[in-house]
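Data block below; observations after.
Every number here is computed from the coordinates shown, using simple stated rules; none is lab data. In this text, all values refer to a predicted model and were calculated from it rather than measured experimentally. So basically every Cβ, Gly included, is an ideal-geometry build from the backbone, and we count neighbours across all protein chains shown.
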Amino acid sequence: MLGMVVVSVLATIVGIAISLAIDWFPPQASTAAEDIDLLWDVLMIASVPIFVLVMSVAIYSVLLFRAKPGDLSDGAPIHGNTRLEIVWVTIPFIMVSALAAYGWVVLNDIEEKQANDMVVNVTAQQFAWRFDYPDDGKVKSNQLVLAKDRPVEFHVRTEDVLHAFWVPEFRLKTDTVPGLTTQIRVTPSKIGEYEVVCTELCGLGHSTMRQNVRVVSQEEFDTWLSEEQKQEQGEQASAAGGDQASEGKRVFTEDGCASCHSLADAESASRIGPGLDDLGDTARRMGKRHGQSPAQYVRAAIANPDASLTRDFNAGVMPTDFEKRLSPAEIDTLVKYLLSVSGGSK
Ligand code: CUA
């Protein structure tokens, strides 16, 4: 018995030491990270002794009270032990309630509304993230840029299925649910480059649904934002004035095409869908077969991808609602752009 107690105490000490020594998480890059990591440590410190106690009693009983070979008699009748039962109900009840209360306090704390926070709308779609900054001149971006120490309120929605928005270094995560806008608050606390990771199995491209997050100084953020604003205005002007190529490239990279299709001109290398560098040839060949011009073929393939599958690619992967998501003018521009950079408009 004494040996058992000594072994249990040692196992508890070693278990807690290991659980605290292991570097479970990536660097802390938000104000919430420290609280959440501390919460984790407290949970580990509380769990290891319980685990060791339960296992010690189980192992002790198995070793000492097992039936001798050939002993088929019944065990002694036991009528319970009221005092012991009160102890083993009360202590876990107090522990679980205390940990729940602690967790609630931490959650409440990190979800508290901050003064001067900035809203960032996050839109998920198979298989890309899009970010826009509605407070600041409607800037749209396919990378997330944030200012250090500036609280952010993310409004997260999805255009298609369930995804989950997660930046491990911020320690915060929220699901994207069709028909709902979920919210999450973060105050980035460390300059650096991180990744948004999708953590809800959302289709073939799920594992590649990652995008860059940059936390920069407030000055650098302001510079970035004003450059984006200028670019956005330039794009609108050039779209109106007929600079089709850059507008087409913008649609390609910002509206999700680039997350699945490779295209040298747009510096995209993803291989979930067919590569588009030789789209011109394909569109000519396939269009001829169906009595379509190359442009008609590409347009039909965007609107109804499963009807124009090429070798090695499966139905049901590319979203079928691009005709609704994009305006007719955007599709037009996109088709022209794609053909012009893939030798299809020769
Ligand atoms: Cu989106 Cu997984």
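GluC sites (Glu not before Pro), restricted to the stretch 134-221: which are DSSP loop and have at most 14 other Cβ atoms within 10 Å? Passing sites in the stretch 134-221 do not exist. First check a/c for the stretch 242-341, with a ≥ b ≥ c the square roots of the eigenvalues of its C-alpha gyration tensor; if it is under 1.5, answer rounded, and if not, answer prolate when a/b is larger than b/c or oblate otherwise. Rounded.
Ranked by the mean number of other Cβ atoms within 10 Å of their residues, highest first, the peptides 7-14, 32-39 fall in the order 32-39, 7-14.
Looking at the square roots a ≥ b ≥ c of the eigenvalues of the Cα gyration tensor of the stretch 283-346, which shape do they give, rounded for a/c under 1.5, prolate if a/b is larger than b/c, or oblate? Note, shape of the stretch 283-346 comes out oblate. As a size descriptor, the averaged projected area of the C-alpha convex hull of the stretch 118-232 was calculated at 6.4 nm². All C-alpha to C-alpha distances of the chain, sorted into 20 Å bins beginning at zero, yield P(r) values of 23, 40, 23, 12, 2 percent in whole numbers.
Result for the chain in a Gaussian network model with C-alpha springs under 10 Å: among 172, 84, 72, the largest mean-square fluctuation is at 72. Computed 3J(HN,Hα) for the stretch 201-207, one whole-Hz value per residue from the Karplus formula 6.51 cos²θ - 1.76 cosθ + 1.60 where θ = phi - 60°, is 4, 10, x, 4, x, 3, 5, glycine and proline marked x. As a length-normalised measure over Cα pairs under 8 Å and 6 or more apart, the relative contact order of the stretch 118-232 settles at 29 percent.
Take the residue pairs 230/324; 190/249; 140/249; 148/230; 140/190 and return only those whose Cα atoms are more than 26 Å apart. Correct reply: 230/324; 190/249.
Taken one residue at a time, the phi angles of the stretch 125-130 give Karplus couplings (6.51, -1.76, 1.60, θ = phi - 60°) of 8, 5, 10, 8, 10, 10 Hz. Gly and Pro are set to x.
Taking the dipole about the Cα centre of the chain, with the C-beta of Lys and Arg at +1 and of Asp and Glu at -1, give me whichever of 212, 290, 107 is farthest to the positive side. With unit charges placed on the Cβ atoms, the residue in question is 290.
The mean sequence separation of alpha-carbon pairs under 8 Å and at least six residues apart, normalised by the residue count of the stretch 242-341, gives a relative contact order of 30 percent.
Between the stretch 150-215 and the stretch 290-345, the C-alpha centres lie 28 angstrom from each other. Membrane-span-like helices in the chain (whole DSSP H runs, Cα extent of at least 18 Å along the helix axis, mean Kyte-Doolittle hydropathy of at least 0.0): 2-21, 31-64, 82-110, 328-341.
Fewest-first ordering of 260, 198 by other beta carbons within 10 Å of each residue's beta carbon gives 260, 198.
Annotation: amide H-H contacts under 5 Å for residue 176 (H modelled 1.01 Å from N, sequence separation of 5 or more, or interchain): 163, 164, 165. Computed over the stretch 149-290, the alpha-carbon pair-distance distribution with 10 angstrom bins reads 10, 27, 35, 22, 5, 1, each value a whole percent.
Report, in deg cm²/dmol and to the nearest 500, the calculated mean residue ellipticity at 222 nm for the chain, where each DSSP H run with n ≥ 4 adds -39500 (n - 2.57) and the sum is divided by the residue count. Taken over the chain, the calculation gives -15500 deg cm²/dmol. Dipole magnitude for the stretch 242-341: computed about the Cα centre from +1 point charges on Lys and Arg Cβ and -1 point charges on Asp and Glu Cβ, it is near 420 debye. Of the GluC sites (Glu not before Pro) in the stretch 242-283, which ones lie in a loop per DSSP and count no more than 10 other C-beta atoms within 10 Å? Sites meeting the loop and neighbour criteria: 267.
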